[in-house]
1. Does D208 satisfy being open to solvent by 50 Å² or more (accessible area, probe 1.4 Å), more than 27 Å from L61 (Cβ to Cβ) and assigned to a helix (DSSP H, G or I)?
2. I'd like to verify a number: residues in the stretch 92-118 that are of a type in the set (A, V, I, L, M, F, W, C) and over 22 Å from A57 (Cβ atoms), how many?
3. Cβ-Cβ below 6 Å, separation at least six or inter-chain, first residue in the stretch 161-185 and at positive phi, second not in a helix (DSSP H, G or I): which pairs?
4. Here is a check on your reading of the model: is A149 assigned to a loop (DSSP other than H, G, I, E, B) and more than 23 Å from the chain's Cα centre (by Cα)?
5. If the requirement is being assigned to a helix (DSSP H, G or I), free of Cβ contacts under 8 Å to residues at least 60 places away in the same chain and exposed (fewer than 13 other Cβ atoms within 10 Å of the Cβ), which of these qualifies: G369, G393?
6. How many residues, within the stretch 257-290, are β-branched (V, I, T) and farther than 23 Å from E359 by Cβ?
7. Given the residues K417, K382, which is the only one that is of a type outside the set (F, W, Y) and assigned to a loop (DSSP other than H, G, I, E, B)?
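The values are calculated or read from the model by the stated rules, or taken from the named source; none is laboratory data. Just so it is clear, the model here is predicted, and its values are computed rather than measured. As a convention, Cβ positions derive from the backbone with ideal geometry for all residues, glycine included, and neighbour counts pool all protein chains shown. Each accessible area value is taken on the protein alone, full model and side chains, heavy atoms only, with ligands, DNA and RNA left out. Shrake-Rupley method; radii C 1.70, N 1.55, O 1.52, S 1.80 Å.
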Amino acid sequence: MNRKRILKFYFCLLGIICFSHIALSAETVNSCVECHKDIDEKNLSEPTNVSSDDVHAKAGLTCVSCHGGNSITDDISLAKDPAQGFVGKPQKKDIPQFCAKCHADATYMKRYSPNMPTDQLSKYNVSQHGQLNVKGDKKTAVCTSCHNAHNILAQDNPASPTYALNVLDTCAKCHSDKEYMKEYGIPTNQIDDYKESVHGQALLVKGDRTSPSCKHCHGNHDAGLPQAIYVGNICSQCHSLTYELFRNSPHKAAHDSLGIPECEACHGNHKIMKTSDDMLGTGQDALCIQCHSPTSKGFKTAFAIKNSIEDLKKEILQAKESVSKVEQRGMDVEDALADIDEANNSLTKARGYIHTFSEEQVGSIVKEGETLVKKAKERALKARDDFNFRRKGYIFAILLIFIFSLTLYLRIRILEKPGKEN
């Protein structure tokens, strides 16, 4: 009897183990993947090649999480049963709403990424892309145009299309294609221009991922064309002090009344080049003369500002030469060099303050720099005088030593003559 009970117990245990294994297998096997991976059509089989970095896979989501249906049955009719929520491949125009089922649901998204914004759909709807999508434009960008449909990678993944160094190429897929963009009447040289700009060089050559690219100025989900009235606000995200100076300048009211883009009017948009002092004043390369005639107050102000900056540059150069000479003679010029550094800071500040378009404000900063340059020159002069004094002292000391040595030599010679007593 005991033996029968023991055998019965083991058979029951074995049955439980087998049933659990079968149940576990049923849960882990994804019939969507098993079926699609062997299909010859690339567009149907490729979605099964999801990397381990896919954000949805890492969160534990599977095919049915987006497409609905039943992934634990081999019966196609059951796997694609609409009663189980199967929607299949959405139409391109429906993709924003399709993705928003999760990404616009704040409560749902907190389960996976509490800090991720959930306003992407509302932003997309007001974007250039979203407005065209509503009108039935089949070419306009939707979520999958930038993020891919499958194998979606995190923004900080270097392989992601939305990674800082890849955003340019992602936008260029459409915006650098002349044939594709032809019907919209939009230029397609923006990317090439950007690559030559200070922003492009910082991002693409120096690898500075904080440098602005397309999305920083145009937006990403709410991508649009910056209007003249808020170009300055866009630039001020980085150049806050410069824009604050401009806002308090006489040019602000003029730009507003004429509808002229603020920063863009002088610096351009995509091909923003490194600034130079040649842009100032009334020379042939100056920007000021594009608007201000020779008889205008603005023309005279531009001339005065440029001259004051050029004067400070010359003074700094002269001070550097003076200090360099005494430094080569071995004199301590640390304080003088510090004054020159501060003068250079004043020069940089003055260049920034040209956005006030105020001769008085720029002139005041230039005077601060000139005062520092004067101190540096005085220190250099004093160091030179100290050097000359020391040199005279050395010469005098050497002369004394020579005379003493000669006297001693002659005395020894006299003492060494025959007949002289020691």
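1. Considered against the rule, which asks whether it is open to solvent by 50 Å² or more (accessible area, probe 1.4 Å), more than 27 Å from L61 (Cβ to Cβ) and assigned to a helix (DSSP H, G or I), D208 comes out as no.
2. The initial filter retains those residues of the stretch 92-118 that are of a type in the set (A, V, I, L, M, F, W, C), namely 95, 98-100, 102, 104, 106, 109, 116.
Among the residues that remain, those that are also over 22 Å from A57 (Cβ atoms) are: 106.
The qualifying residues number 1.
3. Sorted first by the residue in the stretch 161-185, then by its partner, the list stays empty.
4. Against the criterion (assigned to a loop (DSSP other than H, G, I, E, B) and more than 23 Å from the chain's Cα centre (by Cα)), A149 qualifies.
5. G393
6. 1
7. Numbers: K382 fails: assigned to a loop (DSSP other than H, G, I, E, B).
Within the list K417, K382, the selection yields K417.
Here is a yes/no grid of residues against (1) within 27 Å of H239 (Cα to Cα); (2) in a loop (DSSP other than H, G, I, E, B):
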| residue | (1), (2) |
| --- | --- |
| C263 | yes, no |
| C266 | yes, no |
| M273 | yes, yes |
| D278 | yes, no |
| I309 | yes, no |
| L312 | yes, no |
| V323 | no, no |
